[in-house]
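Peer 1: This structure is in structure tokens; I'll ask about it shortly.
Just so it is clear, none of the values below were taken in a lab; they were calculated from the coordinates. Fair warning: this is a prediction, and the values are worked out from it, not measured in the lab. In this analysis, Cβ positions are derived from the backbone assuming ideal geometry, glycine residues included, and neighbour counts consider all displayed protein chains.
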Amino acid sequence: MKHGMKTTPRFALALCLLHCLMLGLILSLMLGLYPGIALQAHETGFPEETLKKVFPEATGFTLRKKTLTPGQLRQAEQLSGSKVQRNDNPLLLYVALGKSGDGSGVLGTVLMLDTRGPIGGMDLAVGYKRDGSVNRVVVVENADDPGLGSAGFLDQIQGKGLEADLSVGQDIQFSGEARSAQALLNAVRRGMYFLEAAGLMSGAK
């Protein structure tokens with residue numbers, strides 16, 4: 001005669017609930033330790049809608065990839081004060097196409113950049129003109145200071161290049177959390193150094 005534990009529907013349901021609770025606990029711990037994974041920022045596939053917000057005048061976009069060396073990544077991080085993120089390499093370059101003054105047919109490049117402020121993460125789409133200056137910044141996702149997405153703040157960044165301070169309280173004004181704004185500005189500068197390393201600046205300002 002074989003003896004074994006008899007599985008009843010009630011027992012099976014209890015086991016299922018226990019497994020669900022354990023999975024929920026594990027997930028909550030992961031989100032607490034790694035809050036960045038809770039922010040799934042950029043569109044999957046080709047982010048046409050976001051790109052058009054950054055370069056409204058573009059007639060199209062083409063994707064290029066550039067792998068930067070560890071030294072280039074380290075330099076960009078040190079000079080910008082913005083930590084390199086895991087999706088920064090290989091670098092995805094969305095080249096904006098359209099009628100340009102120099103006849104090249106290239107308006108500039110859009111980079112998708114992630115960063116974290118003192119409150120939470122933020123995901124950006126930053127358009128750079130061929131000289132490396134900022135065309136436009138779009139906040140795609142923001143778990144930090146809500147004022148970071150305001151036009152009053154973002155419009156101040158337009159036209160800024162490597163020679164600009166890009167510092168809260170100096171050439172940029174922000175009425176909210178200054179550390180949050182500076183984290184965004186440093187990410188924008190990180191993108192400039194990425195483009196410089198990739199050889200895509202025709203003459204930085």
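Peer 1: In angstroms, what radius of gyration and Dmax does the stretch 116-205 have, counting Cα atoms only?
Peer 2: Computed over the Cα atoms of the stretch 116-205, radius of gyration and Dmax are 12.4, 36 Å.
Peer 1: A follow-up question, please. For Lys65, which aspartates and glutamates qualify as cross-link partners when the Cα separation must be under 16 Å and same-chain residues fewer than eight apart are set aside?
Peer 2: Asp88, Glu196
Peer 1: Right, something else. Work through the residues other than Pro118 whose Cβ is under 13 Å from its Cβ and net out their charges, Lys, Arg +1 and Asp, Glu -1.
Peer 2: -1
Peer 1: OK, next. Fully extended, how many nm does the chain gain between Glu163 and Arg74 (0.36 nm per residue separation, minus their Cα-Cα distance)?
Peer 2: Contour length minus Cα-Cα distance gives 30.1 nm.
Peer 1: What number, in percent, do you get for the relative contact order of the stretch 42-197 if the mean sequence gap of Cα pairs under 8 Å and at least 6 apart is divided by its residue count?
Peer 2: Averaging sequence separation for qualifying contacts and normalising by length gives 22 percent for the stretch 42-197.
Peer 1: List the pairs from Lys66/Lys160; Lys52/Lys129; Lys129/Lys160 whose alpha-carbon separation is above 21 Å, in the order I gave them.
Peer 2: Pairs exceeding the cut-off: Lys66/Lys160.
Peer 1: Could you tally the net charge around Gly81, taking each other residue with its Cβ under 10 Å from the Cβ of Gly81, Lys/Arg +1 and Asp/Glu -1?
Peer 2: In short, +2.
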